[in-house]
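A short write-up of the structure that comes next.
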């Protein structure tokens, strides 16, 4: 058995000096995060074993992403997961296979739970066990901004990084649940960097280190298949607030009662925002402007009052192009981050005005003969879908369905009935959604099965609606599934790309038929 490994003594400087050289390390899972872990550990000199329950043939594209780095691969259903760490000093895992998660493959879950129990009991022979986000935060030399929430975290994290990038002296890095895992970037970071990390409920349970700033968009209900209950899910989400750096700040949405209740947790100050006049020390809206009321810069940014215009003004809301009041809330959170780090109000205003949004989140895909197509493939949770529906004027056709996430969708049905003239449903949850929407009074509900069939049908329905609408009207076809993607796609991004491909085919057909239509 290898020597015990001291995670608490590991720093980025120590890694650069060779602290991981020759250390036998095991990576669990070879998805995106596992690839990042393997690359980091090999580059740091570790002797790396990778375990994945899929056969090696199914991992070819991921193995290619290792770009020839030497690893020992244990892959396939016949491999005993525990054999992957028999001689390891360090075991690093992807968040999707966190110990205790009921959604983890049963054999791996049992082996991981046993290892976690040995660690908790102080077994000196048990290898150190760490998740990718926890390892990355342990090593990160720069201030970090952790963004979490049931919905809105991707937009908020992306916008916050875009605003921080306005300061060239402090390079902004965006990672975590969005883009590259942070571990893939940590070797290139310095104390001058500003690191924005999107953190999902997958990543929070395993954290032992917090971020400098913890940003919350909202906490409603999601992923109950993993956490068992709403109380369990909320406990996981609270984790980031509990771990926030005392020299940092909590950025909290007062319009969300759960998040608002985090104010006063720990010793870090709270910067609260809401879609109303700001409270002291927070942000809000006054006469169509984003206004700050005495926000203080972080000590890392020099301390003192954050810079604003007269009366605390930062920018007019009308200059922000993303649709929906929920996105104004996301704007307030991101502006708060900019103020905390000393970004000047004119720079915040310019950055926010040029922010184009996030792929797969209320992403405009095209406008074809009066039908606007919007890709909201990340809309997997009912509150997010309701917000998306409220972001567009009628007439509107909703495409929804996929794999049920175990969340109560009954509150969504009346919103669909109010906002959508028709719904075209796909995937495993399509029949259940059809019954739910019809009972709520949705005027037209159709089951298309697949997305490839749903997009052309939704386009036809949108054109029928335009025929009886006022001249110059625009109809919207909105993909906002209220379901996971895994019944038909590898992830929400693959589903969004499929939607965009289907829209591109409709646009190409419209161009080809142009002369005939005019005739």
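Residue 146: modelled with pLDDT under 95, surrounded by 20 or more Cβ atoms within 10 Å (Cβ to Cβ) and in a strand (DSSP E or B), yes or no?
no
Of everything in region 396-426 that's at pLDDT 95 or above and assigned to a loop (DSSP other than H, G, I, E, B), which residue is surrounded by the fewest Cβ atoms within 10 Å (Cβ to Cβ)?
421
Just checking: which of the helices (runs of 4 or more DSSP H) contained wholly in region 427-519 hold 1 or more residues that are in the same structural domain as residue 404 (by TED's automatic domain parsing), within 30 Å of the chain's Cα centre (by Cα) and surrounded by 17 or more Cβ atoms within 10 Å (Cβ to Cβ)?
In region 427-519, the matching helices (runs of 4 or more DSSP H) lie at 430-440, 451-467, 492-512.
So is residue 73 touching a strand residue (DSSP E or B) at 6+ places or on another chain (Cβ under 7 Å) and either without any contact (Cβ under 8 Å) to a residue 24 or more places away in the chain or under 16 Å from residue 26 (Cβ atoms) (or both) or not?
Yes, satisfied.
From (1) over 26 Å from residue 339 (Cβ atoms); (2) under 12 Å from the mean Cα position of the chain (by Cα); (3) not in a loop (DSSP other than H, G, I, E, B), pick out the condition that doesn't hold for residue 183.
Failed condition: (2).
Residue 42 fails exactly one of the following numbered conditions: (1) surrounded by 15 or more Cβ atoms within 10 Å (Cβ to Cβ); (2) farther than 16 Å from residue 181 by Cβ. What is the number of that condition?
Here residue 42 meets the rest and fails (2).
Condition check ((1) under 24 Å from residue 151 (Cα atoms); (2) in contact with a strand residue (DSSP E or B) (Cβ under 9 Å, 6 or more places away or on another chain); (3) not assigned by TED's automatic domain parsing to the domain that holds residue 192) across all residues:
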| position | (1), (2), (3) |
| --- | --- |
| 278 | yes, yes, no |
| 294 | no, yes, no |
| 303 | no, yes, no |
| 314 | no, yes, no |
| 321 | yes, no, no |
| 326 | yes, no, no |
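Identify all residues within region 45-64 that are surrounded by fewer than 18 Cβ atoms within 10 Å (Cβ to Cβ) and under 17 Å from residue 7 (Cα atoms); write none if there are none.
Listed by number, the list holds a single entry, 45.
Looking at region 85-105, which of the residues that are more than 18 Å from residue 31 (Cα to Cα) and not in a loop (DSSP other than H, G, I, E, B) is farthest from the chain's Cα centre (by Cα)?
Filtering first and then ranking leaves 85.
With (1) assigned to a helix (DSSP H, G or I); (2) in contact with a strand residue (DSSP E or B) (Cβ under 6 Å, 6 or more places away or on another chain) as the list, and residue 251 as the residue in question, which single condition is left unmet?
Status for residue 251: all satisfied but (1).
Report yes if residue 433 is without any contact (Cβ under 8 Å) to a residue 24 or more places away in the chain and more than 19 Å from residue 497 (Cα to Cα), otherwise no.
no
Looking at 87, 52, can you tell me which residue is in contact (Cβ under 8 Å) with a residue 60 or more places away in the chain and in contact with a strand residue (DSSP E or B) (Cβ under 7 Å, 6 or more places away or on another chain)?
87
Can you tell me which residue among 370, 338, 401 is in contact with a helix residue (DSSP H, G or I) (Cβ under 7 Å, 6 or more places away or on another chain), in contact (Cβ under 8 Å) with a residue 12 or more places away in the chain and within 19 Å of residue 494 (Cβ to Cβ)?
Going through 370, 338, 401 in turn, just one is in contact with a helix residue (DSSP H, G or I) (Cβ under 7 Å, 6 or more places away or on another chain), in contact (Cβ under 8 Å) with a residue 12 or more places away in the chain and within 19 Å of residue 494 (Cβ to Cβ): 401.
The values are calculated or read from the model by the stated rules, or taken from the named source; none is laboratory data. No experiment lies behind these values; they were computed from the predicted model shown. With ideal geometry, Cβ positions are generated from the backbone for all residues, glycine too; neighbour counts draw on all protein chains shown.
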